[in-house]
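One structure below.
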Amino acid sequence: MRASQPLRVPVGADAGRWSTFHGEKTLVVAARTVTSTVRVLECLPALLRGDARVTVVFAHDPTSAFGDGVLELLHDAGCRIIPWAQVRQAEPDLILTASENIDVPEGHCPVLVLPHGIGFQKQVPDSRGPRDRLSGVVPDSLLASGRAWLAISHPSQEEQLLTSHPKAAGRTLLVGDPCYDELLVSAGRADTYRQALGVPAGHRLVVLSSTWGRTSLIGQDPDLAARILAALPYDEFRVAAIVHPNVWSGHGSWQIRNLLAPALEAGLMLIPHIHAWRPALVAADVVVGDHGSVTLYGAALGKPVLLGAFGSEAVDGTAAAELGRAAPRLNALGNVREQISSALAGQAPDRFAAIAAGAFDRPGQALARLRTALYRLLDLTEPMSAPPPALYLGEPEATGAEVTAWTVISTVSPSADPDTVTVRRRPAAVAPYGDVNRNEDETVGRFRHLVCDERERDRRLVESASVLLRGAPVPSSAAALRWIEDALERLPGCRLAATALSGGGCLVGLRDGRIVEVSTSGPPTAPGPAAAVVYSLLRAAAPLDGVLVTLRIGARDEDVALRLRAPSPGRGTV
């Protein structure tokens with residue numbers, strides 16, 4: 001639609017003839033970047049809930065370097081959209097935005113600027129010139145006009161602004177942080193969100209948090225996710241990544257997924273960047289982050305934090321800079337598992353409480369205070385209804401790919417009663433990043449082997465596997481035996497083939513023709529752990545018939561019973 005065309009419903013000179021709802025005031029939301037647009041979409045419904053007096057339209061400003069995805073976001077949300085060039089024709093009573101970099105049209109209506117992060121904590125490139133500027137602050141000319149109001153989350157931010165932008169004097173509104181309040185409301189649902197993400201019970205969730213730019217976590221160390229996955233046992237940990245919307249908008253999902261391909265194949269959960277990052281952060285057991293707001297939110301929630309990167313653009317005196325001094329650094333070339341385990345065990349929930357207190361004023365009241373400010377700027381009486389509801393965050397969707405190949409380190413301890421087989425699995429897709437795993441070469445009683453599910457797509461891995469697993473349980477022993485015989489015939493380098501039975505238990509076939517029936521005391525699982533027990537005992541020249549061993553995998557121990565199945569008539573060595 002060209003700027004010269006007339007506006008249509010619900011705004012414009014002729015809108016009254018066609019509109020169903022006749023609002024008293026018009027609120028225009030400036031939508032310039034995905035980050036800033038999402039922030040408004042997340043809080044505005046609660047502010048105007050059930051009030052027909054306010055007509056809302058979204059004006060798309062296409063001038064940002066990170067504008068890709070804004071229109072799709074607005075369309076998906078069902079927003080009424082007008083071009084930015086037609087904002088004046090809409091005759092707004094208030095412009096609401098979480099982007100400080102909009103070109104506000106001439107007029108008299110106030111402009112309310114919400115933060116899209118935590119305060120004014122970062123220097124960013126200025127799109128108006130070659131220098132950097134303080135993120136979150138509108139141009140001095142707009143401050144001087146008396147139209148701009150900057151919502152802040154803590155009184156210290158006003159003091160900071162007065163030092164760097166004296167014209168901001170009297171132009172701030174202390175409201176708190178609605179996003180932080182939502183996180184706090186949902187903090188008790190961490191287990192629910194972990195389950196929704198597909199994190200198995202007893203596993204710990206490591207969340208990687210990256211802002212944008214070359215000094216960000218992903219910009220400085222794109223391989224970090226793969227190295228962490230290579231370092232952490234698969235049966236004890238899951239890993240998720242929250243990547244700033246500017247990275248998605250600036251580079252596209254294809255580039256991000258291609259860059260993270262080894263980690264994604266190893267089960268990395270790449271969290272959708274619009275709304276799902278919030279429940280994913282609540283679900284985290286530990287956060288590995290940088291100088292972005294998500295890391296600070298995690299610290300404020302009491303999560304253990306390790307800094308994998310921290311950019312020099314963090315502004316001194318801010319909560320983000322304080323976190324940079326207080327949080328321990330992750331040495332990605334050291335023992336990653338030990339550092340993460342140490343953070344989980346040793347960081348007290350209140351370690352960063354003082355930093356959080358310096359970033360968020362009166363938690364739990366932000367939406368109510370923001371609604372009061374919004375209606376005052378609209379020159380409307382605030383509704384007499386109850387304060388905006390404190391809603392739980394929605395459950396996230398599981399995003400991680402199923403892992404289909406593992407490098408397995410197993411140890412047989414025959415001195416225990418019964419014998420104990422300890423199994424540690426790591427995704428094979430990140431094996432090239434696993435040189436940080438020390439002391440895992442084969443020795444007496446310790447074995448390394450490659451295991452593949454038959455659904456694994458990398459032919460080289462399948463043909464190199466010592467153990468092949470069937471992807472789904474089979475309905476009968478006869479069907480299992482047929483599959484085992486076929487698998488070992490197709491893959492002459494494979495030593496074992498294993499499948500679960502629908503009724504419980506597993507059958508493991510050896511290349512010499514023996515069939516081992518395996519049953520475990522735990523809940524039914526995929527055949528991988530059972531096959532690892534058989535493989536380990538085979539390599540240790542231990543008995544396989546009438547044997548009871550303890551399987552130690554992750555944080556659990558299970559009893560595993562093995563017995564040799566009588567050979568079928570006419571069956572010989574495969």
(message) Return the residues of segment 381-406 that are over 24 Å from the mean Cα position of the chain (by Cα) and either open to solvent by 30 Å² or more (accessible area, probe 1.4 Å) or aliphatic (A, V, I, L, M) (or both); say none if nothing qualifies.
(response) Thr381, Glu382, Pro383, Met384, Ser385, Ala386, Pro387, Pro389
(message) Cβ-Cβ under 8 Å, sequence separation 6+ or interchain: first residue in segment 160-173 and under 24 Å from Arg369 (Cα atoms), partner in a helix (DSSP H, G or I) and open to solvent by 50 Å² or more (accessible area, probe 1.4 Å). Which pairs?
(response) Lys167/Asp140; Lys167/Ala144; Ala168/Glu158; Ala168/Leu162; Ala169/Leu162; Thr172/Glu158
(request) Being touching a Pro at 6+ places or on another chain (Cβ under 9 Å) and assigned to a strand (DSSP E or B) is the filter; apply it to segment 270-321 and report the residue that is farthest from Pro349 (Cα to Cα). (result) Leu307
(message) Which condition from (1) over 18 Å from Ala359 (Cα atoms); (2) of a type in the set (A, V, I, L, M, F, W, C); (3) without any contact (Cβ under 8 Å) to a residue 12 or more places away in the chain; (4) not in a loop (DSSP other than H, G, I, E, B) is the one that Ala190 breaks?
(response) (3)
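Every residue, every condition in (1) touching a residue at least 24 places away in the same chain (Cβ under 8 Å); (2) farther than 18 Å from Arg539 by Cβ; (3) more than 29 Å from the chain's Cα centre (by Cα), yes or no:
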position	(1), (2), (3)
Asp419	yes, no, yes
Val451	yes, no, no
Arg457	yes, yes, no
Val467	yes, no, yes
Ile484	yes, yes, yes
(message) Looking at (1) surrounded by fewer than 21 Cβ atoms within 10 Å (Cβ to Cβ); (2) of a type outside the set (A, V, I, L, M, F, W, C); (3) out of contact with any Cys (no Cβ under 6 Å at 6 or more places or on another chain), which one does His154 not meet, given that it meets all the others?
(response) (1)
(request) Considering every residue within segment 245-266, establish whether at least one is part of a loop (DSSP other than H, G, I, E, B) and either open to solvent by less than 10 Å² (accessible area, probe 1.4 Å) or among the aliphatic types (A, V, I, L, M) (or both). (result) yes
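Residues of segment 467-494 being over 14 Å from Pro529 (Cα atoms), out of contact with any helix residue (DSSP H, G or I) (no Cβ under 7 Å at 6 or more places or on another chain) and not in a helix (DSSP H, G or I), which ones?
Taking segment 467-494 as the starting set, the residues that turn out to be over 14 Å from Pro529 (Cα atoms) are 472-494.
In the following step, the residues that additionally are out of contact with any helix residue (DSSP H, G or I) (no Cβ under 7 Å at 6 or more places or on another chain) were identified as 472-473, 475-490, 492.
Result: Ala472, Pro473, Pro475, Ser476, Pro492.
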(message) Looking at segment 176-197 only, could you name the residues that are open to solvent by 10 Å² or more (accessible area, probe 1.4 Å) and small (Gly, Ala, Ser)?
(response) Ala187, Gly188, Ala190, Ala196
(request) Filter segment 334-380 for residues that are in a loop (DSSP other than H, G, I, E, B), of a type outside the set (Gly, Ala, Ser) and either surrounded by 15 or more Cβ atoms within 10 Å (Cβ to Cβ) or out of contact with any helix residue (DSSP H, G or I) (no Cβ under 7 Å at 6 or more places or on another chain) (or both) and give the result. (result) Gln347, Pro349, Asp350, Arg351, Phe352, Phe360, Asp361, Arg362, Pro363, Gln365, Asp379, Leu380
(request) Tell me, please, whether a residue that is farther than 19 Å from Ile152 by Cβ and aliphatic (A, V, I, L, M) can be found in segment 358-375. (result) no
(message) Could you tell me how many of the residues in segment 39-84 are among the β-branched types (Val, Ile, Thr), open to solvent by 10 Å² or more (accessible area, probe 1.4 Å) and assigned to a strand (DSSP E or B)?
(response) 4
(request) Take the residues in segment 521-544 that are touching a residue at least 24 places away in the same chain (Cβ under 8 Å) and farther than 19 Å from Val408 by Cα, then tell me which one is surrounded by the most Cβ atoms within 10 Å (Cβ to Cβ). (result) Leu544
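Look through Ala541, Ala526 and report the one residue that is assigned to a loop (DSSP other than H, G, I, E, B) and out of contact with any strand residue (DSSP E or B) (no Cβ under 7 Å at 6 or more places or on another chain). Working first, answer last.
Details: Ala526 fails: out of contact with any strand residue (DSSP E or B) (no Cβ under 7 Å at 6 or more places or on another chain).
Step by step, each of Ala541, Ala526 is checked, and only Ala541 is assigned to a loop (DSSP other than H, G, I, E, B) and out of contact with any strand residue (DSSP E or B) (no Cβ under 7 Å at 6 or more places or on another chain).
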(request) Report yes if some residue within segment 30-38 is surrounded by fewer than 21 Cβ atoms within 10 Å (Cβ to Cβ) and closer than 29 Å to Gly16 by Cβ; otherwise report no. (result) no
(message) Just to verify a result, which residue in segment 269-280, among those that are in contact with a Phe, Trp or Tyr (Cβ under 6 Å, 6 or more places away or on another chain) and open to solvent by less than 10 Å² (accessible area, probe 1.4 Å), is farthest from Tyr392 (Cα to Cα)?
(response) Ile271
(request) Look through Gly324, Gly317 and report the one residue that is out of contact with any strand residue (DSSP E or B) (no Cβ under 8 Å at 6 or more places or on another chain), more than 29 Å from Arg426 (Cβ to Cβ) and of a type outside the set (Ser, Thr, Tyr). (result) Gly317
(request) Might you let me know whether segment 117-125 holds any residue that is in contact with a strand residue (DSSP E or B) (Cβ under 8 Å, 6 or more places away or on another chain), over 30 Å from Gly23 (Cα atoms), open to solvent by 20 Å² or more (accessible area, probe 1.4 Å) and among the basic types (Lys, Arg)? (result) yes
(request) Mind listing whichever residues of segment 489-507 are farther than 23 Å from Pro523 by Cβ and open to solvent by 80 Å² or more (accessible area, probe 1.4 Å)? (result) Glu489, Arg490, Pro492, Arg495
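If we keep just the residues of segment 287-333 that are of a type in the set (Val, Ile, Thr) and under 19 Å from the mean Cα position of the chain (by Cα), which is most open to solvent (accessible area, probe 1.4 Å)? Can you show your working first?
So the first thing to find is which residues in segment 287-333 are of a type in the set (Val, Ile, Thr), and the list is 287-288, 294-295, 305, 315, 318.
Filter once more, so that each one left must be under 19 Å from the mean Cα position of the chain (by Cα): 287-288, 294-295, 305.
On the way: Val287: 0, Val288: 0, Val294: 29, Thr295: 0, Val305: 0 Å².
Among those residues, the one meeting the criterion is Val294.
The values are calculated or read from the model by the stated rules, or taken from the named source; none is laboratory data. The structure presented is a predicted model; accordingly, all values stated were derived computationally and were not measured. Note that each Cβ is placed from the backbone with ideal geometry, even for glycine, and that neighbours are counted across all protein chains shown. Just so you know, the surface numbers come from the protein's heavy atoms only, side chains and all, with ligands and any DNA or RNA stripped out. Shrake-Rupley method; radii C 1.70, N 1.55, O 1.52, S 1.80 Å.
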